[in-house]
Every structure is written in structure tokens, then in C-alpha cells.
């Protein structure tokens, strides 16, 4: 099978485009096929069994597209479905949890790490597990932040109300003494400026999108799947429902060239 | 077919329980079967064709449960799918849009009505259409409020940040001179106190849940579908995904006796 096949990137919606942005920057020669399940977004408040079922359906569609590897650019899906996907998929899979945990353990000095994410991600305990496998004595503070994604999708990235919400969510973590904060949702890098303002210089931010892109690069090298140098990369975006206004927010904030968006019916994937 | 069959109530999630509360208060002898599509919630940001498809699937499941009438307790679904549902379903259907529009036209003095709702509801223009059918010369101001549902689901019903969001959303409508505001989303009655505080006494609030319940009562009387007096009513709740924390918010705020919640797989409805 050819190394010029695309990298498949899957997210519950459009937040995973932050991972695409990091991949495009790091691996400009690679083709990317992005699949967002906008017909059923968000996953973050749904049960583990439902998130796992949706994730299996979506990654099956990516395999049908002929991708050479799959990136689960969604913390909720990575947290809940990755073990099953690793067992069942015919191509290698990279999630966002492990790369984020590794980066956090490398960044912390006081060994006290904070994690913010959706209800599904935090409830899964996946970050705690990944962190404790790397350092069993690490201190961890977590916080579900269900309002951050809606604020981002509203496009209020630089807004006094967004700053107030962030302060409300992060204040307990800062009080508990974390020196490193994992952005455990691929939407959150769009708030990186507001989050940095709220935390100041004392707390390091771990951006799961960028660390995930680095993990993909390492995987492609390890499996000898890098596209031949000199080929030109690109991005194709498919969604399970028509794009809503947030697509423009992501496009503008990330300076991504998204082009035409294709529709995929989640119950009847494209024939292959 | 027996009049003791339940009333079927459908919503994208759990917001429609405000309609259930109004129905229980108004029609205490009636049995209610509530079906919430929590596996795909919310509908408010999704496309018209997707919302219509989901609505058809969910109401088919209610018909299979043997309901005598169906209440579309979701503004997004009412706005987009009601004409199709009225044509295809074998039982009478009541939505929330028309009752809300009628109550608003009855309430306004200056004939300037405001409407707040999700993106799908506002974009559909369904309230404008219903209002203009009642009074072609009415002035209408609309505003999408995509953050209100997430705030309600976070349980922040009495909160300074919620008040600020409400002020942000409503300020243009007040400035434009509306004297009546339609709560075009079945979640919003849970914010009635905060909304009243923000608007003062000059703007009347039209609660689509209560008006919908009145419309159901009229329909049952017209079609001679009222349950025999002396029978005891009740509520059965089924969801397409396990209930999340918002179920407790709704239960506590509405003082509803919800009891055991049943799961329904949206792709494989219960056999009948």
C-alpha cells in the first residue's frame, strides 16, 4: 500500500481542526482526510458506550477512505474508545491522551498537573491513568468545563465573559497548586490566549493538538509511512452534517485552507 | 383504540421536560411517554435535513409505543419537521411554535415581538411565518442564543454569569422595542426568573411549554381523546443515551417525579 495515502483524522465535530493545523504545520507534505461527526456532535456529554459506538462507525468510514493511519483528534473519543480501536482497526491509531500526558509529565516541576476537558473525558479517568503510568506519584487535579466548547463555537474567543468563565473553571486548579495544565479537548487551543492570560506565567499549558501531531510524526517514521518528499500535501474535509457557523470560526482562527466540504451520511458511508 | 393510551412527548434531549411539567399540571389524569434523543442532542445547531430525519425516527418510535397523540416538545424539531410529521404520522401532532405565536400575538400591545431560540429554530423562520399568518403587520426581532442551553445544562440557573449572558443576548431586542418575548426553546423556562430579572415588567415572557400544554388539552378535547376521569396519570421517560447530570437539574428545578429511565437504541427501536 502506498505511503502517499492520506492520514485520516477523526473528531466529533470541528474542534479537531486544531490537530489538523498542527499536522499541516509539522508534516506539510502529507495529505489529510478529516472526518467530523457534526450530525451527532458533541460527544463530550454522552455515555462511554455511545461514544465508543460512534467512534467505531467513524473510523470504519476512514478506513474505507483508504487512510494509512488514523488520528483520534477528539479527547472524549480517545479517552473512551482508543483501546477498542487499537484492537480492531487495520491501520495504526494515534489518540490525543497519551501524547498530552507525556508532554505534561515532561513539563511539570512540582509534579502537580491539572486537566480540563468535557464530562466524558474527565469521567473516563483516561488522563489520570496515562499520567500515573508515567509517574505513579504525580498529583492530579481535574475539572470538567462543559461551557468552554459552546463559547468557542459562539466565536467568543476574546471576550470578557469568556475570561470570566475561564477564571471560574480554573480558579480551584490554581488554588490546588498545579504548575501544568493539560488542555484535554481539541477545541481548547482556540482559547490559548485567554487561558494564558488567566493563568499567567506560573502555569504551563500543554496543548494536546500539537503533542498529538508530534506523536503522528513519530508513528509515521517508526512505521516507515512518511509520504515521499517532494509530494504536495493537502486537506480534504468531510462532515456528517452541513457545516454550521463554527466552521468559519475555526477557519479564521487557525488560518486553515479548508476548501470544499463534503457530506457523508453516517448510516450509509460512501461506497468503496 | 383506547383513550387511556399515553401522550407521546418528543424532544432532542431533556429540555422538553418543561413541557411535560406543564402537561402534568394541566392534565394530571393523562399518562405521558417521554422520549429524549440524548444520543444526538442538541438539534439546535444541526441542519434542517438532519433535524427532520431524526424527528421522523423518534416519532416513529413513539407511534410504536402506542401513543394517542405526539407533542413535539422541541422548538428546533417543531420549526423544521412539523409539516412533514403532520403529513406522515398516523396520530395527531402538536408542536410548540404555533401555540407560542398565538400567545405572543395575544400578549403584545405595541405589535413588536421578540423571539429567542437556537440557530436551527431562528434560521428556519418558523416563528416569523406563524406570527405573520396571525398578524401580517407585526414587527419581529429575533436572536439566536446558543449559549443559554449549555448554561442551563450546567445547572447555573441563578448565577451572575448567566445574568450577564442573558443581558448580552437580550439587550438588542429591548433596544429595538419588543414588548413581548417568545422563549423559543423548551429549555428556556428553566431560566424564567433570570429572564424576568433582566427584562423587568415592561416585557412579557411567552413560555412555549405552557402554551403547548394548553394546545394539547384543546386537541384532546377536539378529538375526544381525553383519558376517562378517575384514571391516574403518570410519566415514563425513555432516552437514547444514558442520562447525564442535566437530568438532575431538570428534575430538581421542575419538581418532576421521573422515576426509572429506560434506554432506547435509536437504530433498533424496541420490538412491537
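Before moving on, here are some points about what is shown:
- Residues that are in contact with a helix residue (DSSP H, G or I) (Cβ under 8 Å, 6 or more places away or on another chain) and facing chain A (nearest Cβ under 10 Å) occur at least once in segment B:168-180.
- Segment B:234-260 - residue that is at pLDDT 90 or above and surrounded by fewer than 16 Cβ atoms within 10 Å (Cβ to Cβ) and, of those, farthest from residue B:15 (Cα to Cα): B:234
- Taken over segment A:109-133, the criterion of being surrounded by fewer than 21 Cβ atoms within 10 Å (Cβ to Cβ) and modelled with pLDDT of 95 or more is satisfied by A:109, A:110, A:111, A:112, A:125, A:128, A:129, A:132, A:133.
- Of the residues A:161, A:181, the single one that is more than 15 Å from the chain's Cα centre (by Cα) and either farther than 30 Å from residue A:93 by Cβ or part of a helix (DSSP H, G or I) (or both) is A:161.
- Filtering B:16, B:66 for residues that are at positive phi, away from chain A (no Cβ under 14 Å) and out of contact with any helix residue (DSSP H, G or I) (no Cβ under 7 Å at 6 or more places or on another chain) leaves a single hit, B:66.
- Condition met for residue B:115 (within 24 Å of residue B:52 (Cβ to Cβ), assigned by TED's automatic domain parsing to the domain that holds residue B:199 and out of contact with any helix residue (DSSP H, G or I) (no Cβ under 6 Å at 6 or more places or on another chain)): no
- Residue match in segment B:144-158 (condition: surrounded by 21 or more Cβ atoms within 10 Å (Cβ to Cβ), away from chain A (no Cβ under 14 Å) and assigned to a helix (DSSP H, G or I)): no
- Residues located in segment B:19-38, provided they are assigned to a helix (DSSP H, G or I) and either closer than 14 Å to residue B:237 by Cα or touching a helix residue (DSSP H, G or I) at 6+ places or on another chain (Cβ under 6 Å) (or both): B:19, B:20, B:21, B:22, B:23, B:24, B:26
- Residue B:161 being touching a residue at least 24 places away in the same chain (Cβ under 8 Å) and either surrounded by 16 or more Cβ atoms within 10 Å (Cβ to Cβ) or farther than 30 Å from residue B:7 by Cα (or both): no
- Applying the set (1) closer than 14 Å to residue B:112 by Cβ; (2) in a helix (DSSP H, G or I); (3) touching a residue at least 24 places away in the same chain (Cβ under 8 Å) to residue B:137 leaves exactly one unmet item: (2).
- Among the residues here, residue B:99 does not qualify as modelled with pLDDT under 95, under 19 Å from the mean Cα position of the chain (by Cα) and on the phi < 0 side of the Ramachandran plot.
- Residue in segment A:186-203 that is within 14 Å of chain B (Cβ to nearest Cβ) and either surrounded by 13 or more Cβ atoms within 10 Å (Cβ to Cβ) or not in a helix (DSSP H, G or I) (or both) present: yes
- One residue alone among B:79, B:101 is away from every other protein chain (no Cβ under 14 Å), over 23 Å from residue B:151 (Cα atoms) and either in a helix (DSSP H, G or I) or in contact (Cβ under 8 Å) with a residue 60 or more places away in the chain (or both), and that residue is B:101.
- Note on segment B:220-261: residues that are under 28 Å from residue A:122 (Cα atoms) and assigned to a loop (DSSP other than H, G, I, E, B) amount to 9.
Each row is one residue, and each column tells you yes or no for (1) closer than 23 Å to residue A:258 by Cβ; (2) surrounded by 24 or more Cβ atoms within 10 Å (Cβ to Cβ); (3) at pLDDT 95 or above.
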| residue | (1), (2), (3) |
| --- | --- |
| A:42 | yes, yes, no |
| A:48 | no, no, no |
| A:56 | no, no, yes |
| A:66 | yes, no, yes |
| A:69 | yes, no, yes |
| A:92 | no, no, yes |
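The values are calculated or read from the model by the stated rules, or taken from the named source; none is laboratory data. None of these values were measured; they are calculated from a predicted model. In this analysis, Cβ positions are derived from the backbone assuming ideal geometry, glycine residues included, and neighbour counts consider all displayed protein chains.
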